[in-house]
1. Please give the residues of segment 142-169, grouped as numeric ranges, whose backbone N is less than 19 Å from a label point set 7 Å along the Cα-to-Cβ vector of residue 76.
2. How long is the gain from residue 25 to residue 101 if the chain were fully straight, where each residue apart is worth 0.36 nm and the alpha carbon distance is subtracted?
3. I'd like to compare 27-36, 43-52: which one has the highest average count of other Cβ atoms within 10 Å, and what's the full order after that?
4. Add -39500 (n - 2.57) for each DSSP H run of 4 or more in the chain, then divide by its residues: what number comes out at 222 nm, to the nearest 500 deg cm²/dmol?
5. Let me know the shape class of the chain, please: from the alpha-carbon gyration tensor, a ≥ b ≥ c as square roots of the eigenvalues, rounded when a/c is under 1.5, otherwise prolate if a/b is greater than b/c, or oblate.
6. By average Cβ neighbour count within 10 Å, what is the ranking of 100-106, 59-65 from highest down?
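What follows draws every value from the coordinates through simple rules; no lab data is involved. Remember, it's a predicted structure, so these values are computed and weren't measured experimentally. Neighbour counts are summed over all protein chains in view; Cβ atoms, including those assigned to glycine, are modelled from backbone coordinates with ideal geometry.
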């Protein structure tokens, strides 16, 4: 049996827009993504066409959110870079402090187990628990506990590294 996408569209378009509006907090973008979600599933047969559209729309909204986060990070980096260029002479003590902090964090990360390090890095990169579970082989339910434990271990390792550095320097 062929899916009647015209009927599905007429029946569920507003629901998809409302759903996406709640996720994106942008009604105009929600309408655009809803139309794109219907376009992506058009021509496919589905046992649950409404579910397929909603799942497609949710995935698109998550992709959109990740893209926004990446853009913000990129813009932040550009602003920092512009600030360095505008000053022409970067602050040597600030650079040294930043390098030292990065060195301590790297050393602290090295003290974590491979799993803790991987989960923490993925979580910090903005992956959701399902994606982290998929990439690490852990259960989705274990991710929150693993992230919390890894963060605690990382903080302790950073503090220990600072104490060691202070004792030797």
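1. Within reach of a label on residue 76, which here means backbone N under 19 Å from a point 7 Å along Cα→Cβ, segment 142-169 contributes 151, 155.
2. Length difference between fully extended and current span is 23.7 nm.
3. On the way: 27-36: 16.8, 43-52: 12.3.
Highest mean packing first, the order is 27-36, 43-52.
4. So the helix-based figure for the chain works out to -29000 deg cm²/dmol.
5. Oblate.
6. 59-65, 100-106
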